[in-house]
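Each remark here refers to the structure printed beneath this line.
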Amino acid sequence: MKAWSHAVQRITGRSLIAIGLTLFAMGEAHAGVPSPANSTCPSVVTVAADGTCCFDVVVRDFAGIPIPGATVVVDFGTCAVSFCPAQPPGITVIGNTVLATTNALGVARFCICATFTPACTASIYADGVLLCTVPVGNCEGCRNNLVSNGDFSAGLVYGSMPAGSVTDWSLLTASPQVVSDGCAAPGSIQMWGNKVVGESIKQALPGLGIEAGKKYSVTVCYRWLDNNPLLPQYVRFRLAVSGAAPAGYPPISAYDLIGVTPNTSSTSWSTYTFPVWTAPNNASWLTVNPENDETLNDGAYVSWGLIDDICIEWVNPTPTQKSSWGKLKVLYR
């Protein structure tokens, strides 16, 4: 009995040593390996046309210890992203991915200069380990809007123009409606139209307006109005600028087209960011109108829609690096 007890003790001792070695090995294996549970991801991967909107990713191992020098990758997958040629310091673009390295505290800061077409998601990896998948979004608000009252929130008098009104906007053709529905807050413009007839609005842009050769980021929020099953079941919006006061529908001749949104058949609001646009000429007037593919001057062939949150921001030049003679090189997007 005594011999058996000694044998058990020897086996138990060896087992404890083996278990200890196994646990030690497991700890060693997990040291420096990113832990999705312990790492911190942003709730939204944000991008901005001027690269000034930032977010952090904190990489920690299975013991909760920050990992310095980890390569963090934001993979945009199939998201349609248009990256600026020059990125802020510490940001590297490879294909549809963006890379940054964690500092001594395990923090990788991303300030991504880009625009994108919603809606989409991005996956975040650290040293090849998937940490999370989150939505992609623009920075909140339009911080340097060239458009006055682009969110149609000031001076709301609901109704059809000109009896209805909203500060710094006026009708161009027909009688656009000022309505309470809005993308993020009350206030938007409701209009109907196709390629040859319809309602439209205009604004005399404040200050210098659009300047030739400069690049601009343009974003709008819009939706389709489902008010007649016999009408075309979609809408899109057209934005253009001109040097002289606009006249007629749609504004085509002597106008510079910013772009046309994709068609939408959704009654829910959606945000669209146009590709970065280079202004070919100076312009002091902005025009907005809805359209579809029809070319008949007939109210039975028009589409209805609402537009809100029109944002036009100048894309600032991005400094890259100092040259050997100390002057700051600037790369214009």
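The values are calculated or read from the model by the stated rules, or taken from the named source; none is laboratory data. Everything numeric here is computed off the predicted structure, so don't read it as measured data. Glycine also receives a Cβ, built like all others from the backbone with ideal geometry; neighbour counts cover every protein chain displayed.
In the range 80-91, is there at least one residue being surrounded by 14 or more Cβ atoms within 10 Å (Cβ to Cβ), more than 24 Å from LEU239 (Cβ to Cβ) and at pLDDT 95 or above?
Kept after step one, since they are surrounded by 14 or more Cβ atoms within 10 Å (Cβ to Cβ), are these residues of the range 80-91: 81-84, 86-88, 91.
Those still in the list that are more than 24 Å from LEU239 (Cβ to Cβ) too: 86-88, 91.
Then drop every residue that is not at pLDDT 95 or above, which leaves 91.
The answer is yes, given that some residue of the range 80-91 is surrounded by 14 or more Cβ atoms within 10 Å (Cβ to Cβ), more than 24 Å from LEU239 (Cβ to Cβ) and at pLDDT 95 or above.
Suppose the filter is farther than 26 Å from GLY243 by Cα and either part of a loop (DSSP other than H, G, I, E, B) or outside the structural domain of PRO250 (by TED's automatic domain parsing) (or both); does PRO186 pass it?
Values: farther than 26 Å from GLY243 by Cα: yes; either part of a loop (DSSP other than H, G, I, E, B) or outside the structural domain of PRO250 (by TED's automatic domain parsing) (or both): yes.
Judged against the criteria, PRO186 is a match.
Inspect all residues belonging to the range 191-207 and state whether any of them is within 30 Å of LEU99 (Cβ to Cβ), among the aliphatic types (A, V, I, L, M) and buried (at least 18 other Cβ atoms within 10 Å of the Cβ). First the steps, then the outcome.
Step one: list which residues in the range 191-207 are within 30 Å of LEU99 (Cβ to Cβ), which gives none.
No - not one qualifying residue is present in the range 191-207.
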_Flag if LEU231 is of a type outside the set (D, E, K, R), at pLDDT 90 or above, part of a loop (DSSP other than H, G, I, E, B) and buried (at least 20 other Cβ atoms within 10 Å of the Cβ)_ = yes
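Can you tell which of LEU99, LEU105 is assigned to a strand (DSSP E or B), surrounded by fewer than 18 Cβ atoms within 10 Å (Cβ to Cβ) and in contact (Cβ under 8 Å) with a residue 24 or more places away in the chain?
Working: LEU105 fails: assigned to a strand (DSSP E or B).
Answer to the selection: LEU99.
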*Mind checking which residues of the range 298-333 are at pLDDT 50 or above and polar (S, T, N, Q)?*
SER303, ASN316
*Across the range 62-75, what is the total count of residues that are more than 28 Å from the chain's Cα centre (by Cα) and surrounded by 20 or more Cβ atoms within 10 Å (Cβ to Cβ)?*
1
*Any residue in the range 170-187 that is surrounded by fewer than 18 Cβ atoms within 10 Å (Cβ to Cβ), within 14 Å of VAL147 (Cβ to Cβ) and in contact (Cβ under 8 Å) with a residue 24 or more places away in the chain?*
yes
*Taking PRO275, is it assigned by TED's automatic domain parsing to the domain that holds GLY243, farther than 25 Å from SER175 by Cβ, at pLDDT below 95 and not in a strand (DSSP E or B)?*
yes
*Please specify each residue of the range 196-236 satisfying the condition of being touching a Leu at 6+ places or on another chain (Cβ under 9 Å) and among the charged types (D, E, K, R).*
GLU199, LYS202, ARG223
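One line per residue, one yes/no per condition, for (1) part of a strand (DSSP E or B); (2) in contact with a Gly (Cβ under 7 Å, 6 or more places away or on another chain); (3) hydroxyl-bearing (Ser, Thr, Tyr):
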{"position": "ASP181", "(1), (2), (3)": "no, no, no"}
{"position": "TRP192", "(1), (2), (3)": "yes, yes, no"}
{"position": "ILE201", "(1), (2), (3)": "yes, no, no"}
{"position": "SER217", "(1), (2), (3)": "yes, no, yes"}
{"position": "VAL220", "(1), (2), (3)": "yes, no, no"}
{"position": "PHE237", "(1), (2), (3)": "yes, yes, no"}
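Within the range 21-34, is even one residue within 30 Å of TRP269 (Cβ to Cβ), modelled with pLDDT of 95 or more and touching a Leu at 6+ places or on another chain (Cβ under 8 Å)? Spell out the reasoning first.
Here is the first cut: in the range 21-34, the residues within 30 Å of TRP269 (Cβ to Cβ) are none.
Checked against the condition, which is being within 30 Å of TRP269 (Cβ to Cβ), modelled with pLDDT of 95 or more and touching a Leu at 6+ places or on another chain (Cβ under 8 Å), the range 21-34 yields no hits at all.
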